[in-house]
Amino acid sequence: MTHSLDLDAYLQRIGFSGEPRVDVATLRALATAHIAAIPFENLDPLMGVPVSLDLSAIEDKLVKQQRGGYCFEQNGLFLAVLQAIGFEATGLIARVLWNKPEDAEVAQTHMLLRVEVEGESWLADVGFGSMALGGALRLVVDEAQPTSLEPFRLVTDGVHWRMQAQVQDEWRTLYRFRLQPAERIDYVVANHFTSTYPESHFLHQLIAARTLADRRLALRNREFAVHALGQPSVRRSLQGTEEIRRVLEEQFGIRLPASPLLDAKLDALPVAVA
């Protein structure tokens, strides 16, 4: 049986007011509101809890439970939302190159979306953690495009495309991808790899991110950082499990699951060496 998305509950969850329309303004507004309200987080893989890509499970977790998730959950939900509103949208799959060499050989482990609206092709991505795209990008080559924070651009060699962000006057690649639509099985396989492969960093590190109108919040293990556009980043080390829990709840807006295993995992997080 096909799951029927509760669009009104989603719009309330992200604080979107007004009537959503099939236009660029709505696409941008939805994406910006989504990344501010629904954080990126990997608590389930960290605790060894299976990550389901069924829409009903994603909606229950991200909307009703007021949790967050990673790219397959975030963009899976956003794809369903866009389609429910009436957008023509499809999923793509990418190889993550953030903080890696441009020619790195990496698996396809990231989901993003292509949207056709107002006679043009656009890209949307509400699931790239600490560098989530605020808004949407027109599918054009080598043109710096404004977002809610940093400028982004797309470059291509004619086959592969690269999503890049301008960080401290340097263009840095987030990932590379092709424009061929992904099949659901591509996401199922990639999700299984990402959430169960013994060497996946999602199983061993706490990761959370949230993108607000004027700043990005990022947490990796015990290191909490606030990146405000045009200002030096502010970082601090969280000292204990209670402080980590408080930051996750108050700064990232996560309603933490009631599991004794969570505290055990937070207790075991490595302490940064000065």
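Would segment 176-184 turn up any residue that is in contact with a Gly (Cβ under 6 Å, 6 or more places away or on another chain) and farther than 14 Å from W122 by Cα?
yes
Across segment 28-43, which residue is surrounded by the most Cβ atoms within 10 Å (Cβ to Cβ) among those that are touching a helix residue (DSSP H, G or I) at 6+ places or on another chain (Cβ under 6 Å) and assigned to a loop (DSSP other than H, G, I, E, B)?
The extreme case among them is I38.
Within segment 1-17, how many residues turn out to be aliphatic (A, V, I, L, M), in contact (Cβ under 8 Å) with a residue 24 or more places away in the chain and not in a helix (DSSP H, G or I)?
Number satisfying all stated conditions: 1.
Condition (residue is out of contact with any helix residue (DSSP H, G or I) (no Cβ under 9 Å at 6 or more places or on another chain), more than 23 Å from L133 (Cβ to Cβ) and either polar (S, T, N, Q) or part of a loop (DSSP other than H, G, I, E, B) (or both)) applied to segment 191-198: is it met by at least one residue?
Yes; the residues of segment 191-198 include at least one that is out of contact with any helix residue (DSSP H, G or I) (no Cβ under 9 Å at 6 or more places or on another chain), more than 23 Å from L133 (Cβ to Cβ) and either polar (S, T, N, Q) or part of a loop (DSSP other than H, G, I, E, B) (or both).
Has segment 200-210 got any residue that is charged (D, E, K, R), in a strand (DSSP E or B), free of Cβ contacts under 8 Å to residues at least 60 places away in the same chain and closer than 30 Å to A25 by Cβ?
no
Among the residues of segment 223-266, count how many are at pLDDT below 95, under 21 Å from V63 (Cα atoms) and not small (G, A, S).
Total satisfying the criteria: 1.
Within the bounds of segment 196-219, is there any residue that is farther than 27 Å from A144 by Cβ, surrounded by fewer than 16 Cβ atoms within 10 Å (Cβ to Cβ) and β-branched (V, I, T)?
Yes.
Of a type outside the set (K, R), assigned to a loop (DSSP other than H, G, I, E, B) and either under 25 Å from R216 (Cα atoms) or under 15 Å from the mean Cα position of the chain (by Cα) (or both), is that true of L46?
no
Please state which of the following conditions R28 fails to meet, knowing it meets all the rest: (1) touching a Gly at 6+ places or on another chain (Cβ under 8 Å); (2) of a type outside the set (A, V, I, L, M); (3) within 19 Å of L256 (Cα to Cα).
The number of the failed condition is (3).
Among A25, A84, A57, A104, which is surrounded by fewer than 18 Cβ atoms within 10 Å (Cβ to Cβ), of a type in the set (A, V, I, L, M), without any contact (Cβ under 8 Å) to a residue 24 or more places away in the chain and farther than 24 Å from H192 by Cα?
A25
Within the set of pairs 6 or more residues apart or between chains, which connect a residue that is closer than 18 Å to N42 by Cβ inside segment 169-197 to a residue that is surrounded by 15 or more Cβ atoms within 10 Å (Cβ to Cβ) and of a type in the set (S, T, N, Q) with Cβ atoms less than 8 Å apart?
From segment 169-197, the pairs are L174/Q164; A190/Q108; A190/T109; F193/T109; F193/S200; T194/T109; T194/S200.
Identify, by number, the condition in (1) within 14 Å of Q83 (Cα to Cα); (2) crowded, with 19+ Cβ neighbours inside 10 Å; (3) not β-branched (V, I, T) that S4 doesn't meet.
Going through (1) within 14 Å of Q83 (Cα to Cα); (2) crowded, with 19+ Cβ neighbours inside 10 Å; (3) not β-branched (V, I, T) one by one, S4 breaks only (2).
Just wondering, is there one or more residues in segment 107-117 that are among the small types (G, A, S) and within 22 Å of E19 (Cβ to Cβ)?
no
Please enumerate the residues belonging to segment 148-160 that are without any contact (Cβ under 8 Å) to a residue 60 or more places away in the chain and crowded, with 20+ Cβ neighbours inside 10 Å.
F152 - this is the single residue of segment 148-160 that is without any contact (Cβ under 8 Å) to a residue 60 or more places away in the chain and crowded, with 20+ Cβ neighbours inside 10 Å.
The values are calculated or read from the model by the stated rules, or taken from the named source; none is laboratory data. Keep in mind it's a predicted model, so treat the numbers as computed, not measured. Positions of Cβ are generated from backbone atoms using ideal geometry, with glycine treated the same way; all protein chains shown enter the neighbour counts.
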